[in-house]
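Enquirer: What follows is a single structure, and I will ask about it in a moment.
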Amino acid sequence: FKHELKDLYSAETQILEALPKMAEKASNPDLKKAFEHHLEETKNQKKRIEEVCKKLDFDPKGETCKAMKGIIKEAEDMLKEDADPEVMDAALIAEAQRVEHYEMAGYGTVCTYAERLGYNDIKNKLAETLEEEKNADNTLNKVSKNVNAKAEASH
């Protein structure tokens, strides 16, 4: 349980660095807005993990989420590509959804662990983040319909 929380803390910390770059590269205003909104949510998600770890009396720092590091590295490589704005937006959505799906898996796991360990208040706090991640993924799905149609039309 502690390892998973540390992993998520590292992931959230890395995401806080990556999201502004993705928002800056996005040309679609809805996509840019979604990234900026999720940046604010991510700050709160990191704080939630800090609160949970304080309650459990351990420091969430010290782990590096290698999976998130790899996902973000792929996104950074993609940002360097020379692509039409519409195609870049479609690629940004794909990369962002990889991030969201990793987080949904992680938060689903820690919610289950918290429940099994009898930490219902902690489970409820972490479930808030899980719902935010699901909502972010749904927002990306909605934005992608318009973005992908424009990307397809540009080629």
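Enquirer: Given (1) 1.41; (2) 1.09; (3) 1.05, which label gives Cα Rg over 2.2 N^0.38 Å as computed from the coordinates?
Expert: Checked against the structure: label (2).
Enquirer: Fully extended, how many nm does the chain gain between K69 and A149 (0.36 nm per residue separation, minus their Cα-Cα distance)? Can you show the working numbers first?
Expert: On the way: separation 80, 0.36 × 80 = 28.80 nm, distance 3.00 nm.
Using 0.36 nm per residue and subtracting the Cα-Cα distance, I get 25.8 nm.
Enquirer: Considering just Cα atoms, how many Å³ per residue does the convex hull of the stretch 3-91 enclose?
Expert: Values: hull volume 7.1 nm³, N = 89.
Value for the stretch 3-91: 80 Å³ per residue.
Enquirer: Hey, how much of the P(r) for the stretch 71-110 falls beyond 16 Å, as a percent of Cα pairs?
Expert: Numbers: 306 of 780 pairs.
Of all Cα-Cα pairs in the stretch 71-110, 39 percent lie more than 16 Å apart.
Enquirer: If the label point is 7 Å along Cα→Cβ of T109, which residues in the stretch 1-45 have backbone nitrogen under 20 Å from it?
Expert: Flagged as within label range: 1-16, 45.
Enquirer: Run the numbers for K2 and N120: contour at 0.36 nm per residue of separation, minus the present Cα-Cα distance, in nm. Walk me through the numbers before you get to the answer.
Expert: Details: separation 118, 0.36 × 118 = 42.48 nm, distance 1.57 nm.
Contour length minus Cα-Cα distance gives 40.9 nm.
Enquirer: For the full complex of protein chains and a 1.4 angstrom probe, list F35, F1 by accessible area with the highest value first. Numbers along the way, then the final one.
Expert: Working: F35 5, F1 45 Å².
The residues order as F1, F35, largest area first.
Enquirer: Ignoring trypsin sites (Lys or Arg not before Pro) that are buried or in helix or strand per DSSP, and keeping those with at most 13 other beta carbon atoms within 10 Å, what is the longest stretch of the chain between them? Could you put the intermediate results ahead of the total?
Expert: On the way: sites that count: K61, K80.
Longest stretch, sites excluded: 81-155.
Enquirer: Can you tell me the accessible area per residue over the chain, all protein chains present, probe 1.4 angstrom, in square angstrom? List each step's numbers first, then the result.
Expert: Numbers: 8440 Å² over 155 residues.
Here the residues of the chain average 54 Å² of exposed surface.
Enquirer: List residues of the stretch 22-38, by number, whose backbone nitrogen lies under 18 Å from a label position 7 Å along Cα→C-beta of E81.
Expert: Backbone N within reach: 22-28, 31-32.
Enquirer: Give me the percent of accessible area attributable to carbon and sulfur for the chain, probe 1.4 angstrom.
Expert: Details: 4100 of 8440 Å².
In the chain, the share of accessible area belonging to carbon and sulfur is 49 percent.
The values are calculated or read from the model by the stated rules, or taken from the named source; none is laboratory data. Keep in mind that this is a model prediction, so the values were computed, not measured. Cβ sites come from the backbone with ideal geometry, for glycine too, and all protein chains shown count toward neighbours. When the accessible area is computed, the model is the full protein with side chains, heavy atoms only, and any ligands, DNA or RNA have been set aside. Shrake-Rupley method; radii C 1.70, N 1.55, O 1.52, S 1.80 Å.
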